[in-house]
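Structure record follows, encoded as structure tokens.
The values are calculated or read from the model by the stated rules, or taken from the named source; none is laboratory data. Everything numeric here is computed off the predicted structure, so don't read it as measured data. Note that each Cβ is placed from the backbone with ideal geometry, even for glycine, and that neighbours are counted across all protein chains shown.
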Amino acid sequence: MNNSQRCGRRSSVTARDTERSRARRAELIAIGRRLFADTSYDALSMDDIARHADVAKGLIYYYFKNKRGYYLAIIEESVAELVVRADSDTGLPPAERVRRTVDGYLRYAQHHQAAYRTIVTGGVGFDAEVHAIRDGVREAILTAIAHGAWGHGRIPLVARLALIGWMSAVEGVTLDWLAHQELPRETVRALLVRMLGDTLRTIEDFEPGCPAPVSGG
């Protein structure tokens, strides 16, 4: 076997090992998402996680270094789906795209309650990494709203302030809704969409170049 053949075999083995490693990591994240869906960070120990995942605790440390690293990876993976959903449906009429964006946000919060609360409240104390995840989600939602309302992601300062105010209201409403679950998601979605319509019309008063969609409420 010449050097070229040996290098090719090593590369093939490395690629297979990398693929298996990625698949194993993804499997652990999927398990963690189920475990943490409705369970807070402090309620599960690494021993609990390893037992539920039916793996050695050392394997989780190998991929994620510690419990916090594991939890952050789970949150980031979950949030990635929310961001992708917010950026999808670009071919829909503005009002429908806005409704779908808000509905996707509420679905995420409903099915990943513990992770959602962690993101919105910023974790324990001031957690820079959790805050960065939250800021990324906010930016994705604001950009999706801007594209849906105005056809572009450029947001004037006054419009950004108004949308940040709406986004803060969304987070407060969603947290309270999760705590009580007395209203169907469709009702909460309609409320938030109506509030957004009012916000977009207010923005138009200050920024005529950012007209509210005709049926944006």
**Q.** Residue that is nearest to Thr118 (Cα to Cα) [pool: residues in segment 43-73 that are of a type in the set (D, E, K, R) and under 21 Å from the mean Cα position of the chain (by Cα)]
**A.** Arg68
Q: Inspect segment 207-217 for any residue being under 20 Å from Val79 (Cα atoms), out of contact with any Pro (no Cβ under 6 Å at 6 or more places or on another chain) and either of a type outside the set (A, V, I, L, M, F, W, C) or surrounded by 20 or more Cβ atoms within 10 Å (Cβ to Cβ) (or both) and give the result as yes or no.
A: no
Q) Is there a residue in segment 155-173 that is modelled with pLDDT under 85, among the hydrophobic types (A, V, I, L, M, F, W, C), outside any helix (DSSP H, G or I) and farther than 23 Å from Asp42 by Cα? A) no
Q: Can you run down the residue pairs with Cβ atoms below 8 Å, 6 or more apart or on separate chains, where the first is in segment 62-77 and touching a residue at least 40 places away in the same chain (Cβ under 8 Å) and the partner is assigned to a loop (DSSP other than H, G, I, E, B) and charged (D, E, K, R)?
A: none
Q. Considering Ala144, Ala140, Ala132, which residue is part of a helix (DSSP H, G or I) and without any contact (Cβ under 8 Å) to a residue 12 or more places away in the chain?
A. Ala132
Q: Test each condition in (1) closer than 24 Å to Arg194 by Cβ; (2) modelled with pLDDT under 85 for Leu142 and report the one that comes out false.
A: (2)
Q.
Tell me the residue from Thr199, Thr174, Thr187, Thr118 that is buried (at least 18 other Cβ atoms within 10 Å of the Cβ), among the hydroxyl-bearing types (Ser, Thr, Tyr) and over 20 Å from Phe36 (Cβ atoms), please.
A. Thr199
Q. In this structure, is Arg185 touching a residue at least 40 places away in the same chain (Cβ under 8 Å), farther than 24 Å from Pro208 by Cβ and outside the structural domain of Leu35 (by TED's automatic domain parsing)?
A. yes
